[in-house]
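Each reported figure results from applying straightforward, stated rules to the coordinates on display, with no laboratory input. As the structure is a prediction and not an experimental result, all values here were calculated from the model. Ideal geometry is used to build each Cβ from the backbone, glycine not excepted, and the neighbour counts take in all protein chains shown.
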Amino acid sequence: MSETASAASKKLHIKTYGCQMNVYDSERMADLLRPLGYAVSDQAEGADLVLLNTCHIREKAAEKVYSEIGRLKVMRQEKEARGEGRMTIAVAGCVAQAEGEEIMNRAPAVDLVVGPQAYHQLPELIARTTRAKGERLKADFAPEDKFDALSTERQVSGPTAFLTVQEGCDKFCTFCVVPYTRGAEWSRPVASILEEARSLASKGVREITLLGQNVNAYNGLEVDGQESTLPRLMQALSEIEGLDRIRYTTSHPNDMTDELIRAHAENPAVMPYLHLPVQSGSDKILRAMNRKHGRQAYIELIARLKAAVPNIALSGDFIVGFPGETDKDFEETMDLIRTVGYASAFSFKYSKRPGTPAAAMPGQVDEAVADARLQALQALINEQAQAFKASLVGQTIDVLFEKPGRYGQQAVGRSPWLHAVFAEDAAHLIGQIVPVKIVGVGNNSLIGELEKVHA
Ligand code: SAM
Ligand code: SF4
């Protein structure tokens, strides 16, 4: 996050856990606090305000927060001992929403707890935070109030940016806390999204990633009061001068309309990449997860997509060790992965989340079995990802250069399929989209060479 406020006198450290939506929220919290004189710092040490923007999706993610609070408490004492004043500790994000009361009981060092739909009130809450009289818990559920309060003016830190267009979820997958922490599905109005996108584009952003828990269910209102759709929103965004690339995440298979598939084929700004989680390849497990679609429907959807957009790369999320998952169910997941072919994927061991229906289901899977399945699944995905990258060697692809590389004049950019691409002597091209010949494959990246005209 870049910092320009010259009058800034206080240090703000934000630690972000979890998904891209939290990354977006952290940037917006920094935007909100800048006028109060807070400048972002990479270090928690010596900070006047530390914000932990938390994730509740898996147990480990939530536990990390409590150990971080322990570390911060020590830093706070040291800061005070140095006579540098007090460090305010605030917890934001989904743990704050789900466990607000518990945090305050378990971690009295925390000054303020603020949920993901209430952080626009941070300036006021921080200003009032004194341990004696401040309101310590804010966890209202009104995303519309939040977006009304946030400025559409954005600070940018490079040619790519996230933009939240939809929040919450009504799908209630039996393993997932999102419907409880982020609330009901809600889409931002089109006009406010376009305004924010214009602000980003005017500051050099060339690629935006539209964010939502179920982003392809986007149905925000147009100025005339009509409901829009994600493809229509992307069409309007692609007409903004300078915005050349659009991505969106995360999508649900049931909201993958023909109109959206056509947008991939017809709107050149829409990147040929789709993150479409399926979670499992077993119909029995999909039913128990309440995913509301079967294995075959997903496979047919992918076939329709590939027919319309032959160069599309797919990504997904998988959960192994869901209650009741047998070796046969797991093998069906592996078989689905072989059938679909992924360019990348996120995979997780099922984590029991209190209050979700799956937590009470019989047949919880042994940890060692889940570990072994996760390893096997990741090895298969890795093989597919490497094969896809290898298929690009020798091709010339468009790369958006994003930031300096590891040394010298090297720069790192993004392929249309979201790979990191390293190229020598490209530092002068940061912020531009240029053709790059792929000459090699790294573990998580591609190695490219500039065409002579750009070198
Ligand atoms: N809305 C998106 C969807 O439907 O795919 C994703 C939301 S969630 C933030 C991201 C991923 O976390 C899910 O796709 C799922 O794979 C994983 N996840 C959610 N709850 C989980 C749990 N209890 N245990 C393990 N993984 C979980
Ligand atoms: Fe969670 Fe399912 Fe909603 Fe995704 S669709 S956020 S996994 S409940």
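Values computed for the structure shown
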{"read-out": "Amide hydrogen neighbours beyond the local backbone of Lys403, cut-off 5 Å, H modeled", "value": "Val412"}
{"read-out": "Simple spin-label estimate for Arg82 and Asp258 in nanometres, 7 Å along Cα-Cβ", "value": "6.4"}
{"read-out": "Neighbour-count ranking [beta-carbon atoms within 10 angstrom, fewest first] of Tyr248, Tyr66, Tyr350, Tyr273", "value": "Tyr66, Tyr350, Tyr273, Tyr248"}
{"read-out": "Peptides 411-417, 74-80, 151-157 ordered by average Cβ neighbours within 10 Å, highest first", "value": "411-417, 151-157, 74-80"}
{"read-out": "Of every Cα-Cα pair in the range 18-118, the percent that sits beyond 15 Å", "value": "62"}
{"read-out": "Net dipole in debye of the range 339-437 [+1 Lys, Arg Cβ; -1 Asp, Glu Cβ; about Cα centre; nearest 20]", "value": "180"}
{"read-out": "Highest average packing first - 425-437, 314-326, Cβ atoms within 10 Å", "value": "314-326, 425-437"}
{"read-out": "Rounded if a/c under 1.5, otherwise prolate or oblate - the range 257-378, Cα gyration tensor axes", "value": "prolate"}
{"read-out": "Two-site FRET efficiency, Ala360 against Ala109, from Cβ-Cβ distance with R₀ of 41 Å, rounded to 0.05", "value": "0.80"}
{"read-out": "Two-decimal Rg to Rh for the range 236-276 - Kirkwood Rh, Cα set", "value": "0.97"}
{"read-out": "Calculated FRET value between Glu241 and Ala368, using beta carbons and R₀ = 56 Å, to 0.05", "value": "0.50"}
{"read-out": "Cysteines in the chain lacking a second Cys C-beta under 4.7 Å", "value": "Cys19, Cys55, Cys94, Cys169"}
{"read-out": "Order of Lys171, Lys352 under a 10 Å beta carbon neighbour criterion, fewest first", "value": "Lys352, Lys171"}
{"read-out": "Span from the the range 9-29 Cα centroid across to the the range 180-214 one, whole angstrom", "value": "16"}
{"read-out": "For the range 251-328, radius of gyration divided by Kirkwood radius, i.e. Rg to Rh on alpha-carbons", "value": "1.02"}
{"read-out": "Label zone at Arg128, where the point sits 7 Å out along the Cα-to-Cβ direction: the range 31-60 residues whose backbone N lies under 18 Å", "value": "33, 36"}
{"read-out": "Sites Tyr407 and Lys452 - FRET efficiency at Förster radius 35 Å, r taken between beta-carbons, to 0.05", "value": "0.95"}
{"read-out": "Inverse of mean 1/r across different Cα pairs in the chain, Kirkwood, Å", "value": "23.5"}
{"read-out": "Highest-first arrangement of 143-149, 306-312, 212-218, where packing means the average Cβ count within 10 Å", "value": "212-218, 143-149, 306-312"}
{"read-out": "Distance between the range 413-453 and the range 336-366 - C-alpha centres, whole angstrom", "value": "34"}
